[in-house]
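Take a look at the structure below.
The values are calculated or read from the model by the stated rules, or taken from the named source; none is laboratory data. Because the structure is predicted, anything quoted here is derived from the model rather than measured. When we count neighbours, we look across all protein chains shown, and the Cβ atoms used for this are built from the backbone with ideal geometry, even at glycine.
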Protein chains: 2
Amino acid sequence: MELDAILEGGSDRDWRTIDPEETEPVRFALIGLGWFTRGRVLPALEESRLCDATVLVSGTAEKAERIAADVPGARGITYDDFRDGVARDAYDAVYVATPNALHLDYVETAAEFGADVLVEKPMERSSDRARELIDACDRAGVELMVAYRMHTEPSVRRARELVDAGLIGEPTYLHGRMSQRLLDRVNPDPDQWRLDADLAGGGALFDLGVYPLNTARFLLRADPIAVGGRTRSTRDAFSEVDETAAFEVEFPGGVVASCFASHNASQESAMTVVGTEGAVTIQPAFFQDEARGLTVSRGDGRATIQLDPADQMLEEFDYFADRVRGGRAVYPDGEHGLVDMIAMEAVYESAAGGDEGRRVELEPS
Amino acid sequence: MELDAILEGGSDRDWRTIDPEETEPVRFALIGLGWFTRGRVLPALEESRLCDATVLVSGTAEKAERIAADVPGARGITYDDFRDGVARDAYDAVYVATPNALHLDYVETAAEFGADVLVEKPMERSSDRARELIDACDRAGVELMVAYRMHTEPSVRRARELVDAGLIGEPTYLHGRMSQRLLDRVNPDPDQWRLDADLAGGGALFDLGVYPLNTARFLLRADPIAVGGRTRSTRDAFSEVDETAAFEVEFPGGVVASCFASHNASQESAMTVVGTEGAVTIQPAFFQDEARGLTVSRGDGRATIQLDPADQMLEEFDYFADRVRGGRAVYPDGEHGLVDMIAMEAVYESAAGGDEGRRVELEPS
């Protein structure tokens, strides 16, 4: 794997196992019609040949039907309708993008109905509830994937190929960061669920920190063995959850990833792996619609490859459909997601009380 | 201060206070003729109009004289000669680039002779000895500057101007890293002093970690209030000192800098400040002879300005001469350097024993 292969690889769907032309699309019930579902998921599914949005589920029939009116072939129903099995024949899988603490409820229902599940990250408000979510899918024998869109982001996959090929030698250190101005630029509502500890479970760490954490795991093909970190809030709106989290993740062999997440810093993201022979950086790394820069340095040379932004939700949903239709297991499954939940809870443990930042060991999963 | 001003500013010596044409050069005794002095300092002084190398001091007369033979107007003497006051009339100041644990001895001697002092960083092998070094200079009334070449590196000064001007809003987070392959690429000698705890006092943290630590302080104009970190060694050569250090530095207001230093990773360096309105990155940041990229992002815009490499030693020595000849205090003085020594010792304290990585508070200086 060399640079020319990256350029050639570009945004190839190297994960593809089935022919979209010979496959029935996976029909989705979308649960939770917030801005992300409306602005990101619906447009992606309109483009997809592997997925269809057929059922839209929201709090009121009015909202669900209003949004469904713009989606050909879709119908809108309420959360109660969904629980009652309304339109069950119209979907094969569910996508859950509600506030974190509601994931379990909808996933349990979907699993009981035998529908496969794509659930947003973080999986739930706690690792205990994430465990219950996994168990519900296991009992029902349905597929469970956690929506880590970095796993199918072309720049991240190309970076992993470089690491795998040894181009940067042995990884020694990683740095990842993701920040945005939640209140000032994304959503000014002081009552939004992301600021509510009961609904969200965590703040910047859960919302943004999970990106560098999980992407570090993905790039290294390894799971953390210990973490440490500190959190901070400067504004009243962040009295229940962390506005900012700076944390370190230790991997086997002493490889350390230092990570940063903030709801009160400029929209910025980057992910770097430094190895014994070189380094690779993806910047911007995590937000959607930004052209990716993939910078590889080795010896005295440094090359930056610009990659057009991929439609991350299209890639993610199509990957899910590829695995479900192809009868293959998904990579970011429930157990994979649970590792992040446990690691993030350990960061909060490290950040709390005395000896803030102390190393907290994680039990082998 | 806007981007066009940076381009215009380029490598301006905005710190200049005196006219080189109307100033007698500062004559230096260079103490310690290792590769850095020979390869970096001597060529810089040859270029300088403000400084001259007049006395070269090394372990043997043979080595000192051999090197002096190539330096017009310079003579070579031994360490013992230096202590005996040989050639005292030939220098106004000393530059000390010996192993860390020998700094104090030579600085004390120089101070007793009334010579001003430019001493390499880290100042000594411990904060206690750094304190003694400061006291010796204070007693003698000579200038003491710690050789932080980042303070006169144009890209760092331009970045600081951007931060000062509020272009990135309020700084929230910093990330800095510096790594090299000490044994494999720089110096293969397993007996070199940098690997000897008695002579060096510390490993990657002292040698490389001091760059992001000090540069973060310089960019923020602030001193750390707490640190935490972890160290690691994978090879026998690093049995006495750390091969790698990952550490966090907390500044007032909860601003955190996550830093990384390694003697066993690819030559890489970067320094980023993320603020509420934007971010600025210097990359490469710390090694010499590398063209600097200064990247500023704000809103949807991102600009990278390439700056030609400055001769960092020339800038640093000339700054010292400017301050000494102009009768003005140096910015990176002994007390400034001591803050880094104390912070780095606190990182080692955090990294040692139980609760590795725990927050260690620093007493206000």
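Only one of these is within 8 Å of chain A (Cβ to nearest Cβ) and over 22 Å from B:A101 (Cβ atoms): B:V274, B:V280, B:V227. Name it.
Working: B:V280 fails: within 8 Å of chain A (Cβ to nearest Cβ); B:V227 fails: within 8 Å of chain A (Cβ to nearest Cβ).
Of B:V274, B:V280, B:V227, the one residue that is within 8 Å of chain A (Cβ to nearest Cβ) and over 22 Å from B:A101 (Cβ atoms) is B:V274.
Among the listed residues A:D128, A:D198, identify the single one that is charged (D, E, K, R) and without any contact (Cβ under 8 Å) to a residue 24 or more places away in the chain. Outline the logic, then answer.
Values: A:D198 fails: without any contact (Cβ under 8 Å) to a residue 24 or more places away in the chain.
So the residue among A:D128, A:D198 that is charged (D, E, K, R) and without any contact (Cβ under 8 Å) to a residue 24 or more places away in the chain is A:D128.
With respect to (1) within 13 Å of another protein chain (Cβ to nearest Cβ); (2) within 19 Å of B:P364 (Cα to Cα); (3) of a type in the set (A, V, I, L, M, F, W, C), the lone exception for B:L213 is condition (1). Can you name every residue in the stretch A:231-240 that is surrounded by fewer than 24 Cβ atoms within 10 Å (Cβ to Cβ) and either within 14 Å of chain B (Cβ to nearest Cβ) or in contact with a strand residue (DSSP E or B) (Cβ under 9 Å, 6 or more places away or on another chain) (or both)? Within the stretch A:231-240, A:R232, A:S233, A:T234, A:R235, A:F238 meet the criteria. Taking the stretch B:152-201 as the range and being closer than 30 Å to B:R221 by Cα and small (G, A, S) as the test, the residues that pass are B:S155, B:A159, B:A165, B:G166, B:G169, B:G176, B:S179, B:A200, B:G201.
Of the residues B:L167, B:L162, which is of a type in the set (A, V, I, L, M), within 19 Å of B:G10 (Cα to Cα) and assigned to a helix (DSSP H, G or I)? Can you show your working first?
Details: B:L167 fails: assigned to a helix (DSSP H, G or I).
Answer to the selection: B:L162.
When the stretch B:340-355 is filtered for residues that are crowded, with 20+ Cβ neighbours inside 10 Å, of a type outside the set (A, V, I, L, M) and within 14 Å of chain A (Cβ to nearest Cβ), only B:S350 remains.
Scanning for something over 19 Å from the mean Cα position of the chain (by Cα), over 23 Å from A:G299 (Cα atoms) and in the same structural domain as A:V186 (by TED's automatic domain parsing), does the stretch A:270-281 turn up at least one residue? No, every residue in the stretch A:270-281 fails to be over 19 Å from the mean Cα position of the chain (by Cα), over 23 Å from A:G299 (Cα atoms) and in the same structural domain as A:V186 (by TED's automatic domain parsing). Residues that are within 8 Å of chain A (Cβ to nearest Cβ) and not small (G, A, S) within the stretch B:244-258 comprise B:T244, B:E248, B:E250, B:V256, listed in sequence order.
Determine whether the stretch A:179-195 contains at least one residue that is touching a Gly at 6+ places or on another chain (Cβ under 8 Å), without any contact (Cβ under 8 Å) to a residue 40 or more places away in the chain and either under 22 Å from A:H103 (Cβ atoms) or aliphatic (A, V, I, L, M) (or both). I'd like the intermediate steps shown before the answer.
At the first step, the residues of the stretch A:179-195 found to be touching a Gly at 6+ places or on another chain (Cβ under 8 Å) are A:194-195.
In the following step, the residues that additionally are without any contact (Cβ under 8 Å) to a residue 40 or more places away in the chain were identified as none.
For the stretch A:179-195, residues touching a Gly at 6+ places or on another chain (Cβ under 8 Å), without any contact (Cβ under 8 Å) to a residue 40 or more places away in the chain and either under 22 Å from A:H103 (Cβ atoms) or aliphatic (A, V, I, L, M) (or both): absent.
Only residues that are under 12 Å from B:L50 (Cα atoms), out of contact with any Leu (no Cβ under 6 Å at 6 or more places or on another chain) and surrounded by 23 or more Cβ atoms within 10 Å (Cβ to Cβ) were counted in the stretch B:307-321, giving 3. Being modelled with pLDDT under 95, in a loop (DSSP other than H, G, I, E, B) and more than 24 Å from A:R302 (Cα to Cα), is that true of even one residue in the stretch A:177-187? Within the stretch A:177-187, one or more residues are modelled with pLDDT under 95, in a loop (DSSP other than H, G, I, E, B) and more than 24 Å from A:R302 (Cα to Cα).
Looking at the stretch B:327-339, can you tell me whether even one residue there is more than 9 Å from chain A (Cβ to nearest Cβ), assigned to a helix (DSSP H, G or I) and within 28 Å of A:T231 (Cβ to Cβ)? Within the stretch B:327-339, one or more residues are more than 9 Å from chain A (Cβ to nearest Cβ), assigned to a helix (DSSP H, G or I) and within 28 Å of A:T231 (Cβ to Cβ). The numbered conditions (1) within 11 Å of another protein chain (Cβ to nearest Cβ); (2) surrounded by 18 or more Cβ atoms within 10 Å (Cβ to Cβ); (3) under 24 Å from B:S262 (Cβ atoms) are all true for A:S179 except (3).
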